[in-house]
Amino acid sequence: MTFISVITASYNRAAQLPSLFASLEKQSDRDFEWIVVDDGSVDNTRALCERWADQVDWPLRYIQKPNGGKHTALNRGFALAKGELIITVDSDDTLTLDAIATIRENWSSCRTIPDVCGMSFLRLRADGRVIGDRFEPDREWATYIDMRINRGVRGDKAEVWRADILKQFPFPEVEGERFMMESAVWGMIGRRYRMLHVNIGFYVCEYLSDGLTRGGAALTVLCPVGSAHGIRWAIAPPVNMRTRIVMTWRLIAYEFLARRSVYQIAMASGHRLQVLLNLPFGSALYLYWRFKFRRELGR
């Protein structure tokens with residue numbers, strides 16, 4: 001079995017992919033595959049990947065599909081992955097030359113523990129600065145919910161997942177919507193499994209002006225059905241009370257944007273009283289979003 005599958009969802013990123021390819025080609029540990037899922041690009045992504053596949057001594061698979069959003073491309077990659085582990089790497093990011101070796105070294109203490117779903121590492125900027133917060137302590141077993149939500153550790157991280165577990169939690173796909181937050185899956189996994197959190201950085205980020213990270217807030221509003229589904233796990237324990245309340249406001253606002261009735265919202269939430277008590281605040285957030293994103297919503 002391949003040790004790890006590196007999965008990249010790409011949409012018109014032929015100009016950025018060479019940097020990621022070069023960082024993979026330099027890996028000291030060669031036991032990986034790279035799956036590029038082309039989400040309907042109209043540039044020369046296919047030609048690039050096919051040329052690279054003929055040059056390398058590790059598997060490079062190019063998959064083309066109609067445009068449906070990054071989450072649908074990742075679902076395709078997850079299903080096809082042959083690795084024991086999976087890491088998703090965006091098309092505009094790179095890995096340090098020891099990334100795969102670092103993952104292997106740390107996974108040796110995890111692979112036999114049944115309730116461990118993977119590991120979480122730091123992301124870095126090009127100048128080496130850590131993005132967001134470090135973990136406290138330097139190495140700790142904790143769930144995604146405990147570490148990232150309840151303790152409030154901020155910033156994007158480099159998550160590595162057991163493939164057999166990740167394949168059980170595909171991103172929900174909603175017809176007509178092309179965005180789904182990653183926490184929709186990470187949170188659901190975090191309700192059942194722990195991760196090893198390590199203060200080591202090997203994932204180097206370059207946030208582009210037209211990337212999903214910068215436009216995420218508007219995208220969640222434009223895709224309200226999926227956004228509501230993606231945070232429903234966060235309105236119940238073990239998520240802390242403060243976060244549950246805020247997420248309830250967001251849930252109500254997304255559901256109103258999806259034209260759901262109060263009755264439908266309360267019933268689908270599984271926490272009817274909590275929804276009803278927070279209805280004024282969720283309604284206010286809905287009105288604020290309608291005003292803030294009126295151009296995107298066309299209203």
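The values are calculated or read from the model by the stated rules, or taken from the named source; none is laboratory data. Owing to the predicted nature of the structure, the values given are computational and were not obtained by experimental measurement. Reconstructed Cβ throughout: ideal geometry from the backbone, glycine too, with neighbour counts over all protein chains shown. Heavy atoms of the whole protein, side chains included, go into the accessibility calculation; ligands, DNA and RNA do not. Shrake-Rupley method; radii C 1.70, N 1.55, O 1.52, S 1.80 Å.
Would you mind calculating the gained length between Ala217 and Met267 on full extension (0.36 nm times residue separation, minus the Cα-Cα distance), in nm to one decimal?
15.4 nm
Could you give me the ³J(HN,Hα) list for the stretch 250-258, computed from phi with Karplus coefficients 6.51, -1.76, 1.60 and θ = phi - 60°, whole Hz, x at Gly and Pro?
5, 4, 4, 5, 4, 5, 5, 4, 7
Just to verify a number: FRET efficiency for Lys82 and Asn44, C-beta to C-beta distance, R0 = 25 Å, to 0.05?
Once the sixth-power term is evaluated, E becomes 0.40.
Take the Cβ-Cβ distance between Arg242 and Asp138 as r, set R0 to 41 Å, and report the resulting FRET efficiency rounded to the nearest 0.05.
0.95
Lys82: which aspartates and glutamates have alpha carbons under 14 Å from its alpha carbon, excluding same-chain residues fewer than 8 sequence positions away?
Output for Lys82: Asp31, Glu33, Asp164.
Under a 10 Å cutoff between Cα atoms, tell me which one of Pro170, Pro238, Pro66 has the largest fluctuation in the Gaussian network model of the chain.
Looking only at Pro170, Pro238, Pro66, the biggest GNM fluctuation is shown by Pro66.
Is the shape of the stretch 151-251 rounded, prolate or oblate, going by the alpha carbon gyration tensor and its root eigenvalues a ≥ b ≥ c, with a/c under 1.5 for rounded and a/b larger than b/c for prolate?
Note, shape of the stretch 151-251 comes out rounded.
Select from Ala234, Ala14, Ala253 the residue whose mean-square fluctuation is largest in a Gaussian network model of the chain (Cα-Cα springs shorter than 10 Å).
Ala14
From Cα pairs below 8 angstrom and at least 6 apart in sequence, can you work out the relative contact order of the chain, rounded to a whole percent?
Taking the mean separation of contacting Cα pairs over the length of the chain, I get 17 percent.
Along the charge dipole of the chain, Cβ charges K/R +1 and D/E -1, which of Thr2, Cys205, Ile100 sits furthest on the positive end?
Cys205
Which is farthest toward the positive dipole end of the chain among Tyr193, Val246, Ala158, measuring Cα position about the Cα centre, with Cβ charges +1 (Lys, Arg) and -1 (Asp, Glu)?
So the residue we want is Val246.
Quick check for you: which residues of the stretch 33-77 have the amide N under 19 Å from the point 7 Å beyond the Cα of Glu173 toward its beta carbon?
35-42, 62-77
Using helices alone, what [θ] at 222 nm do you get for the chain, with -39,500 (n - 2.57) per DSSP H run of 4 or more residues, divided over all residues and rounded to the nearest 500?
-11000 deg cm²/dmol, from helical runs alone.
Whole-Hz Karplus ³J(HN,Hα) for the stretch 66-77, in order, using 6.51 cos²θ - 1.76 cosθ + 1.60 and θ = phi - 60°, x for Gly and Pro?
These are the phi-based 3J(HN,Hα) values: x, 4, x, x, 4, 5, 6, 5, 5, 4, 5, x Hz.
Using R₀ = 51 Å, calculate the FRET efficiency as 1/(1 + (r/R₀)^6) where r is the Cβ-Cβ separation of Leu276 and Asp57; round to 0.05.
Between Leu276 and Asp57 the formula returns 0.25.
Can you give the log10 of the normalised intensity I(q)/I(0) at q = 0.10, 0.13 Å⁻¹, computed with Debye over equal Cα scatterers of the chain?
Taken in order of the listed q values, log10 I(q)/I(0) reads -0.57, -0.96.
What is the magnitude of the charge dipole of the chain about its Cα centre, with +1 placed on the Cβ of each Lys and Arg, -1 on the Cβ of each Asp and Glu, and no other charges, expressed in debye to the nearest 20?
1440 debye
Counting alpha carbon pairs within less than 8 Å and at least 6 residues apart, what relative contact order, in whole percent, applies to the stretch 1-108?
Relative contact order here is 44 percent.
Classify the stretch 71-151 as rounded, prolate or oblate, taking a ≥ b ≥ c as the square roots of the eigenvalues of its Cα gyration tensor: rounded when a/c is under 1.5, otherwise prolate if a/b is larger than b/c and oblate if not.
rounded
Residues with amide H under 5 Å of Gly155's amide H, sequence separation 5 or more or different chain, H placed in the peptide plane at 1.01 Å from N; which?
Result for Gly155 returns Asp133.
Give the Debye-formula value of log10 I(q)/I(0) at each listed q (0.15, 0.19 Å⁻¹), with one equal scatterer per alpha carbon of the stretch 1-103, two decimals each.
Ignoring solvent entirely, the Cα scatterers give -0.53, -0.87.
Ignoring any ligand, DNA or RNA, what whole percent of the accessible area of the chain comes from carbon and sulfur when the probe is 1.4 angstrom?
The computed percentage sits at 53.
Once the Cα atoms of the stretch 71-220 are picked out, what are the Rg and Dmax in Å?
Expressed in Å, the Cα Rg and Dmax of the stretch 71-220 come to 15.0, 43.
Could you check which residue among Gln64, Gln27, Gln264 shows the biggest mean-square fluctuation in a GNM of the chain with a 10 Å Cα cutoff?
Gln264
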